[in-house]
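Single-structure report; data block below.
The values are calculated or read from the model by the stated rules, or taken from the named source; none is laboratory data. None of these values were measured; they are calculated from a predicted model. Counting neighbours? That spans all protein chains shown, and the Cβs are built from the backbone with ideal geometry, glycine included. When the accessible area is computed, the model is the full protein with side chains, heavy atoms only, and any ligands, DNA or RNA have been set aside. Shrake-Rupley method; radii C 1.70, N 1.55, O 1.52, S 1.80 Å.
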Amino acid sequence: MLCQQALATSPLRYTALADSNPAADCPLENTLRVQASGVRFSSSFITTCPLAAAFALFEQHALQPAAQEVFGQPVMQLEHVGSFACRTIAGSQRRSQHASANALDITGFRLRDGRRISVLRDWPGEGDAARFLRLVHNGACDSFNVTLGPQYNAAHRDHLHVDMGLFRMCR
Ligand SMILES: [Zn+2]
């Protein structure tokens, strides 16, 4: 409940979800569906409250300041490829944070002028888009418990994985 009170002071638009069991071995408890925030999302997504609260901090203190610093304009849309997936970590027996909707995979951003920033295309470069993505990655590390990007491994070459699991990692 404390977490939802924190969300009430954020720009997040969301609905609380009833506990459910959408896939074998992956019950969802205390989750929300986030529709929008200061940014639009490429699609709404299911999330735990802690992940939603971390996102709100990230948006305000890292994402938008980075966009203003590099491009002089805000991010209008965030593109992602999902939060909930009932699975283990690739190459591991451990349960992914995605299995409890406690992780989000961010693939890109769209600026107010329509320009699109892609993790896959722009991370390897040296221009302003690459600088923006590094600022976003560093800022994500301050808000989320785990932030994994293209420099972590090939599985993350096209997205930033952020989660609120028990470990802290910034790679
Ligand atoms: Zn992920």
From the set of residues in the stretch 94-151 that are assigned to a loop (DSSP other than H, G, I, E, B) and of a type in the set (Asp, Glu), which is farthest from Ala56 (Cα to Cα)? Glu126
Would you point out the residue of the stretch 61-86, among those that are touching a Phe, Trp or Tyr at 6+ places or on another chain (Cβ under 9 Å) and in a loop (DSSP other than H, G, I, E, B), that is farthest from the ligand (Cβ to nearest atom)? Phe84
For the stretch 87-135, how many residues meet the condition of being open to solvent by less than 20 Å² (accessible area, probe 1.4 Å) and away from the ligand (no atom under 16 Å from the Cβ)? 8
For Thr15, the lone unmet condition from (1) open to solvent by 50 Å² or more (accessible area, probe 1.4 Å); (2) without any contact (Cβ under 8 Å) to a residue 24 or more places away in the chain; (3) assigned to a loop (DSSP other than H, G, I, E, B) is (3)
Condition check for Ile117: closer than 18 Å to Cys141 by Cα and touching a helix residue (DSSP H, G or I) at 6+ places or on another chain (Cβ under 9 Å): no
Please determine, by comparing only the residues of the stretch 152-169 that are within 13 Å of the ligand (Cβ to nearest atom) and either among the aromatic types (Phe, Trp, Tyr) or in contact with a Phe, Trp or Tyr (Cβ under 6 Å, 6 or more places away or on another chain) (or both), which one is nearest to Ala56 (Cα to Cα). Val162
